[in-house]
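Asks: The following block contains the structure, expressed as structure tokens.
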Amino acid sequence: MGHGNYSHAAHAALLADRASLSANEVFSQRGCHPLMSPRGLSMRESRDSADHPNALGIVFALDVTGSMGDIPRNLAQRDLPQFMGLLGACAIPDPQVLFMAIGDATSDDAPLQVGQFESTAALIDQWLTWSYLEGGGGGSGSESYELAFYLLAQHTDMDCWVKRKRRGYLFMTGDELPYPAVSRHQVDTLLGDKLDEDIPIEEAIAAAAEQYHLFFLIPDLKRRKGCEDRWRDLLGDHVICMESPDDTCHVAAALVGLTEGRLADLDAAARALSGQGLSRERVSAVVRALRPYAELLKPGAVGLPLRPGARPAAPATSWWKRLFG
Amino acid sequence: MTPGHTSPSCPQCGGSLPRQALWRTVNCSYCKAVVTLNTRWVERADFHAAWTRAHTRPAGGGEWLTLRGASYRLLEPLGRGERSEAWLAERHGPARLRAVLKLAPVDAHDALACEADTLRHLQGLTAAGSAYFSLRLPQPLAHGLANDQAVLALRAWPGFWGSLADVLAFNPTGIADVRHAVWLWRRVLELLGYLHDQGWCHRDLRPEHWLIHPADHGVNLVGWGRAVEGADPAVDLQQSAWAMRAALAGRGDAAPALPAHCPPALAQLLQRASEDRDWCRSEGADGLTRQLSAAALADFGPPRFVPFNPRQT
């Protein structure tokens, strides 16, 4: 997959046509689309071609449970062209986008859906809008995010990695905890794979991280409370706490730009975002969300005036002790 | 075997395989190869091998420390307290992140554990404003013993330059532009207002515990070892006023006097807040914030953003 060229104008026109439609009309699936069912899945491929000699696989794994429906709707009705536009502004040559949908395998009918890597506006949009927004979730506080890591590790094949050792990108959105392990029974039921035993999520993540830069995007600061600590244990500073789900595309595009070195720093990211017409307020929010990860990319320190070996003097606090003990 | 099916055979040597080879791996009894005829067979060992590769430390790279199964590489020292040191560190592996490690003698383990519990409790508060204020409190990652030291790992705050004490190290005669004292104090009073409403007090607001974010005019508080629930909040307010006096007066062994360049309304407020604990108690953090706004308006006019260079104020 991945043939054809991306046209920003075509994509914008596609979205303009559906501006007046409700979310239910845009996402009209009422069950898992047969072509998005992972059952019997062999491989999803992101391949180089004459049109795209430097394909870069980018996966959006969207939590489609009840609390997280905003992000797929925003993507389908407003934001996806901006994502592609920002990648273009960052000179990311040949992005190929795959959409996955994640639910809860203990309670949902379609807890794992997977599209194909695509380059054209119509096909990218097609897989997104074929996603079934089940709106379920089991109330257990967990969703089956771990299945997405397993699927990427085991069932995707990207030329960016195989030929150039450049990792692709996973942007997973969510506001719940993952289950602690990939269940062999769920994998058998959903994909038909026969695991010899359950796989701890840490191992599924390590395997996926060999081919992908993994990011977990939490939609707002309020929802970080319930899940951030666990995700931070698993993915460190690749957990991005956004201030609004509206920032998803801009955060994702800037993460690609920063990681690929196309955006030198956060100032460059802010300029690129402003150049796409994003308001000053939203640019600030995106930059705040990106700052921890951007710091991680710097080889040096966070900004303190010290250098290795130059230890600061112990503080002089005699008067403080006299006053406050 | 049902009629019509042949026995499975080894793809390497052609030897007969047990029927289990149809659904799992078996050892060929002839050539000893490990084989399966199930094309959907997946072994956890492959994933575990990826995990092992990801957690193998690179050669060299300075001093390492293992805390609760995670490897941290020490990057550089950030500061030193009476019994502890703070180091910038980086956690290794897929869960890579920047951390601040507080290192102390082994006998401080219980104190660090207590501090970690306090911070977890504060991070878990769900009151109004918690989404915002929790970002201005340290996020504990782990604590325990490592390399014969007690260690508390906190998530590093990007953009934070150093402490108020570091600012004074660069500006030994104190912060020259008094307008900076207004936002510094206001940020801490806002945070104290939130914490006091939840019943918590910091109780150790010395300048070393104020972390400064010059670009955003932010202040976060560290050093939560003495924090308790249900203490007198006036102590925090009084300490914050003394820390501001130190910021304006500069370094010294004596209790900082109010400098001559401090304008009258702010000087009066600092004097009263630092010396009258009962008044602090009656005003509370919110009242003090209002008093600070009024004093700033009287001394400097309407608020405006003044860039802050911590090396030269």
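Asks: Residues in region B:172-190, backbone N under 18 Å from the label point at B:Ala260 (7 Å along the Cα-to-beta-carbon vector): list them, ranges by number please.
Replies: Output list for this probe position: B:173-178.
Asks: Which value in nm describes the separation of the simple spin-label points at A:His185 and B:Gln198, placed 7 Å from the Cα toward the beta carbon?
Replies: With each label point 7 Å from Cα toward Cβ, the separation is 3.9 nm.
Asks: Helix A:280-297: angle to the longest alpha-carbon principal axis of chain A, degrees 0 to 90, nearest 10?
Replies: In chain A, helix A:280-297 runs at an angle near 80 degrees to the longest axis.
Asks: Among A:Leu190, A:Met158, A:Leu133, whose Cα lies farthest out toward the positive end of the dipole of region A:82-211, if unit charges sit on the beta carbon of Lys, Arg (+1) and Asp, Glu (-1)?
Replies: Highest projection toward the positive end goes to A:Met158.
Asks: If you don't mind, there's one more thing I want to ask. I need the calculated FRET efficiency for the pair B:Tyr132 and B:Arg290, taking r as the beta carbon distance and R₀ as 25 Å, to the nearest 0.05. Present the calculation step by step, with values, prior to reporting the outcome.
Replies: Details: r = 19 Å, r/R0 = 0.78.
Efficiency at R0 = 25 Å is approximately 0.80.
Asks: Given a 1.4 Å probe and the protein chains all in place, what does the accessible area of A:Met43 round to, in Å² to the nearest 10?
Replies: It works out to around 80 Å².
Asks: To the nearest 10 degrees, how steeply does helix B:109-123 sit against the main Cα axis of chain B, on a 0 to 90 scale?
Replies: 80 degrees
Asks: So how do B:His121, A:His11, A:His33, B:His92 rank on accessible area, 1.4 Å probe, biggest first, that is with the largest at the start?
Replies: On the way: B:His121 85, A:His11 0, A:His33 25, B:His92 50 Å².
Order by accessible area, largest first: B:His121, B:His92, A:His33, A:His11.
Asks: Are there any residues in region B:142-157 with a reduction of at least 20 Å² in accessible surface when going from the isolated chain to the assembly of protein chains? Probe 1.4 Å, please list them by number.
Replies: B:Arg155
Asks: To continue, here is another question. If I model a spin label as a point 7 Å beyond the Cα along the Cα-Cβ vector, how far apart are those points for B:Asn38 and B:Val306 in nm?
Replies: Spacing of the two 7 Å Cα→Cβ label points: 7.3 nm.
Asks: Can I ask one more? Would you calculate the separation in nanometres between label points at A:Ser28 and B:Gln271, each defined as 7 Å from the Cα along the Cα-to-beta-carbon direction?
Replies: Between A:Ser28 and B:Gln271, the label points sit 7.8 nm apart.
Asks: Hey, can you find the accessible area per residue of chain B for me, probe 1.4 Å, expressed in square angstrom? Let's see the in-between values first.
Replies: On the way: 13860 Å² over 313 residues.
Accessible area per residue, chain B: 44 Å².
Asks: How big is the antiparallel share of DSSP beta bridges in chain A, given as a percent to the nearest 5? Before the final figure, lay out each step's value.
Replies: Values: 6 of 34 bridges.
Antiparallel bridges make up about 20 percent of those DSSP assigns within chain A.
Asks: Could I ask something else about it? If one puts a single equal scatterer on every Cα of the protein assembly as shown and applies the Debye formula without solvent, what log₁₀ I(q)/I(0) results at q = 0.07, 0.09, 0.10, 0.11 Å⁻¹?
Replies: Those come out to -0.53, -0.82, -0.97, -1.11, one per q.
Asks: Percent antiparallel among DSSP beta bridges with both residues in the protein assembly as shown, to the nearest 5? Before the final figure, lay out the partial values.
Replies: Details: 47 of 77 bridges.
About 60 percent, rounded to the nearest 5.
Asks: I would also like to ask the following. Assign one of three labels to region A:222-268, namely rounded, prolate or oblate, based on the Cα gyration tensor with a ≥ b ≥ c the square roots of its eigenvalues; rounded applies when a/c is under 1.5, prolate when it is not and a/b is larger than b/c, and oblate otherwise. Don't skip to the answer; put the middle values down first.
Replies: Details: a/c = 3.00, a/b = 1.64, b/c = 1.83.
Judged from the Cα gyration tensor, region A:222-268 comes out oblate (a/c at least 1.5, b/c at or above a/b).
Asks: Compare each residue of region B:229-267 in its chain alone against the assembly with all protein chains, and report those whose accessible area goes down by 20 Å² or more; 1.4 Å probe, heavy atoms.
Replies: Residues losing area: B:Gln239, B:Trp242, B:Arg251, B:Gly252, B:Asp253, B:Ala255.
Asks: Another one. Take the solvent-accessible surface of the protein heavy atoms, probe 1.4 Å, and return the percent of it on region A:112-176 that carbon and sulfur atoms account for.
Replies: Details: 740 of 1660 Å².
C and S atoms contribute 45 percent here.
Asks: For region B:117-203, which whole percent of the accessible surface, found with a 1.4 angstrom probe, sits on carbon and sulfur atoms?
Replies: Numbers: 1480 of 2840 Å².
So the carbon and sulfur contribution to the accessible surface is 52 percent.
Asks: At a probe size of 1.4 Å, how large is the accessible area of A:Lys163, to the nearest 10 Å²?
Replies: The accessible area of A:Lys163 comes to roughly 130 Å².
Asks: Which three numbers, in whole Å and largest first, are the semi-axes of the equivalent ellipsoid of region B:107-230 derived from its Cα gyration tensor as √(5λ)? Mind dumping the intermediate values first?
Replies: Details: eigenvalues 123, 73, 33 Å².
Computed over region B:107-230, the values are 25, 19, 13 Å.
Asks: Enter the mean number of other protein chain beta carbons within 10 Å of the beta carbon of each residue in A:207-215, as an integer.
Replies: On the way: counts 9, 3, 8, 4, 1, 0, 0, 2, 0.
Other-chain Cβ atoms within 10 Å of each residue's Cβ, averaged: 3.
Asks: Take B:Tyr30, A:Tyr145 and sort them by solvent-accessible surface of the protein heavy atoms, 1.4 Å probe, largest at the top.
Replies: Numbers: B:Tyr30 150, A:Tyr145 0 Å².
Ranking B:Tyr30, A:Tyr145 by accessible area, largest first, yields B:Tyr30, A:Tyr145.
Asks: A further question follows. Between A:Asp109 and A:Val162, what is 0.36 nm times their sequence separation minus the Cα-Cα distance? Round to one decimal in nm.
Replies: Between A:Asp109 and A:Val162, full extension yields 15.7 nm more.
Asks: So which GluC sites (Glu not before Pro) in region B:52-154 end up in coil per DSSP with only 10 or fewer other C-beta atoms within 10 Å? Kindly include the intermediate steps, with their values, before the conclusion.
Replies: Details: sites: B:Glu63, B:Glu82, B:Glu85, B:Glu90, B:Glu115; in loops: B:Glu63, B:Glu82.
Answer in residue order: B:Glu82.
Asks: Turning to a different aspect of this structure: Which angle between 0 and 90 degrees, to the nearest 10, do you get for helix B:179-197 versus the longest principal axis of chain B when only C-alpha atoms count?
Replies: Once rounded, the angle reads 60 degrees.
Asks: Hey, another quick one. At a Cα cut-off below 16 Å, give the aspartates and glutamates reachable from A:Lys298, other chains included and same-chain residues fewer than 8 away excluded.
Replies: Answer for A:Lys298, where 16 Å is the Cα cut-off: A:Asp237, A:Glu260, A:Asp265, A:Asp267, B:Glu76, B:Glu90, listed by chain and number.
Asks: A follow-up question, please. Compute the semi-axes of the equivalent ellipsoid of chain A, taking the square root of 5 times each eigenvalue of the Cα gyration tensor, and list them largest first in whole Å. Please list the in-between numbers first.
Replies: Numbers: eigenvalues 232, 123, 84 Å².
Calculated on Cα positions only, the semi-axes equal 34, 25, 21 Å.
Asks: Then there's this: Report, in debye and to the nearest 20, how large the dipole of region A:190-272 comes out about its Cα centre when Lys and Arg carry +1 and Asp and Glu carry -1 on their Cβ. Walk me through the intermediate numbers first.
Replies: Values: 9 positive and 18 negative charges, 82 e Å.
Once rounded to the nearest 20, the dipole reads 400 debye.
Asks: To the nearest 0.05, how large is the calculated FRET efficiency for B:Ser7 and B:Ala45 if R₀ is 25 Å and r is the Cβ-Cβ distance?
Replies: Numbers: r = 27 Å, r/R0 = 1.08.
After rounding, the FRET efficiency stands at 0.40.
Asks: Also: Taking accessible area as the heavy-atom solvent-accessible surface of the protein chains with a 1.4 Å probe, which residues of region B:74-92 lose no less than 30 Å² upon going from the isolated chain to the full protein assembly?
Replies: Correct list: B:Glu76, B:Pro77, B:Leu78, B:Arg80, B:Glu82, B:Leu88, B:Arg91.
Asks: How do A:Cys90, A:Cys32 stack up against each other in accessible area, from largest to smallest, with a 1.4 angstrom probe? Please report the intermediate quantities before stating the final value.
Replies: On the way: A:Cys90 5, A:Cys32 50 Å².
Result, largest first: A:Cys32, A:Cys90.
Asks: Something else about it: Ignoring ligands, DNA and RNA, how much accessible area is buried between chains B and A, both sides summed, with a 1.4 Å probe, to the nearest 100 Å²?
Replies: On the way: alone 16640 and 14610 Å², together 25680 Å².
Using a 1.4 Å probe, the pair buries roughly 5600 Å².
Asks: Moving on to the next point. Round to the nearest 0.05 the FRET efficiency obtained for A:Ser318 and B:Glu63 when R0 = 25 Å and r is the Cβ-Cβ distance. Working shown, then result.
Replies: On the way: r = 32 Å, r/R0 = 1.29.
E(calc), rounded to 0.05, equals 0.20.
Asks: Given charges of +1 on the Cβ of Lys and Arg and -1 on the Cβ of Asp and Glu, with all other atoms neutral, how large is the dipole of region A:137-244 about its Cα centre, in debye to the nearest 20?
Replies: Details: 13 positive and 20 negative charges, 95 e Å.
Dipole about the Cα centre, nearest 20: 460 debye.
Asks: In deg cm²/dmol and to the nearest 500, what is the mean residue ellipticity at 222 nm of the protein assembly as shown if only DSSP H runs of at least 4 residues count, each as -39500 (n - 2.57), divided by the residue total?
Replies: Values: 22 runs with 242 residues, N = 638.
Counting only the DSSP helices, I get -11500 deg cm²/dmol.
Asks: So what are the three principal axis dimensions of region B:150-189 from its Cα atoms, in whole Å, longest to shortest?
Replies: Its Cα atoms span 38, 23, 18 Å along the three principal axes.
Asks: Note the full-extension length gain between A:Arg39 and A:Ala264 as 0.36 nm times their separation in residues minus their Cα-Cα distance, in nm to one decimal.
Replies: 76.8 nm
Asks: Let me ask something else about it. Counting only DSSP beta bridges with both residues in region A:162-243, what percent are antiparallel, rounded to the nearest 5?
Replies: Of those bridges, close to 20 percent are antiparallel.
Asks: If you take each beta carbon of peptide B:36-47 and count the beta carbons of other chains within 10 angstrom, what is the mean? Before the final figure, lay out each step's value.
Replies: Working: counts 2, 0, 2, 4, 9, 4, 14, 5, 11, 4, 5, 15.
For peptide B:36-47, the averaged partner shielding equals 6.
Asks: Full-extension gain between B:Val106 and B:Asp148, please, as 0.36 nm times their residue separation minus the C-alpha to C-alpha distance. Present the calculation step by step, with values, prior to reporting the outcome.
Replies: Working: separation 42, 0.36 × 42 = 15.12 nm, distance 0.65 nm.
Going from the current span to full extension adds 14.5 nm.
Asks: Rolling a 1.4 angstrom probe over the protein chains, ignoring ligands and nucleic acids, what is the accessible area of A:Val64 in square angstrom, nearest 10?
Replies: 10 Å²
The values are calculated or read from the model by the stated rules, or taken from the named source; none is laboratory data. Treat the numbers as computed from the prediction; the structure is a model and nothing was measured. No Cβ is skipped: glycine too gets one built from the backbone with ideal geometry, and neighbour counts run over all protein chains shown. In case anyone asks, the SASA skips ligands and DNA or RNA and just uses the protein heavy atoms, side chains included. Shrake-Rupley method; radii C 1.70, N 1.55, O 1.52, S 1.80 Å.
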